[in-house]
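First comes the structure, then the notes that go with it.
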């Protein structure tokens, strides 16, 4: 039995997209004030010696807002800071291995790009998946052309896990996601790069697809 997923907006960090004059920590805190309740620390280019103190600071901030913190890939860092779980990709440890290391109560999210990966994540003990890229986005060009709305609907229909749409998700495109049966959306630039992360977050939560 997977852990209940009690959030619909999943914020993924990228400090390189934070506007000049603002820090990543300030950006995340503004988003948390706006209503974000789950954050994935995804700074893949940072070595562990730099990632760990950043994770510790984010753990302190997310606890103040009763929000979840997941660490991308690094199970060791997640355990060290008492994070709520990890987010895994295709190159990460197998989901079942991560589950055996983390125990039953930690969250495991998995990045997926086709329904077969969703089924594998579920069988390994994942709690939820992101699926994408749904729309065109520079950060996901490595995965080829966007998968589109039809693929998203098919993935959700076949999934027993909560699915978060990822890739090119902007507030203006939320109506297009209606009827897809997604659990929520995962975003990076739409909040991290926004001039007002608080307002951007509020808009996502107010207009989220049904």
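Scanning the range 160-179 for residues that are within 17 Å of the chain's Cα centre (by Cα), outside any helix (DSSP H, G or I) and more than 22 Å from residue 127 (Cβ to Cβ) yields 168, 170. Considering 157, 199, 190, 121, the condition of being part of a helix (DSSP H, G or I) and in contact with a strand residue (DSSP E or B) (Cβ under 9 Å, 6 or more places away or on another chain) is satisfied by 121 alone. One residue stands out in the range 182-210 among those that are farther than 14 Å from residue 36 by Cβ and at pLDDT 95 or above: the one that is surrounded by the most Cβ atoms within 10 Å (Cβ to Cβ), namely 182. Is the range 135-150 home to any residue that is out of contact with any helix residue (DSSP H, G or I) (no Cβ under 7 Å at 6 or more places or on another chain), closer than 28 Å to residue 78 by Cα and modelled with pLDDT of 95 or more? For the range 135-150, residues out of contact with any helix residue (DSSP H, G or I) (no Cβ under 7 Å at 6 or more places or on another chain), closer than 28 Å to residue 78 by Cα and modelled with pLDDT of 95 or more: absent.
The single residue among 62, 27 that is surrounded by 18 or more Cβ atoms within 10 Å (Cβ to Cβ), touching a residue at least 40 places away in the same chain (Cβ under 8 Å) and under 17 Å from the mean Cα position of the chain (by Cα) turns out to be 27. Scanning the range 66-77 for residues that are more than 15 Å from the chain's Cα centre (by Cα) and within 19 Å of residue 100 (Cβ to Cβ) returns 75, 76, 77. For the range 95-118, a residue qualifies if it is touching a strand residue (DSSP E or B) at 6+ places or on another chain (Cβ under 9 Å), assigned to a loop (DSSP other than H, G, I, E, B) and farther than 17 Å from residue 71 by Cβ, and the qualifying residues are 113, 114.
A single entry from 46, 79, 54, 25 fulfils the requirement of being modelled with pLDDT of 95 or more, part of a loop (DSSP other than H, G, I, E, B) and more than 21 Å from residue 130 (Cα to Cα): 46.
The values are calculated or read from the model by the stated rules, or taken from the named source; none is laboratory data. Quantities reported herein were computed from a predicted structural model and do not represent experimental measurements. All Cβ positions, even for glycine, are placed from backbone atoms using ideal geometry, and neighbour counts span all protein chains on display.
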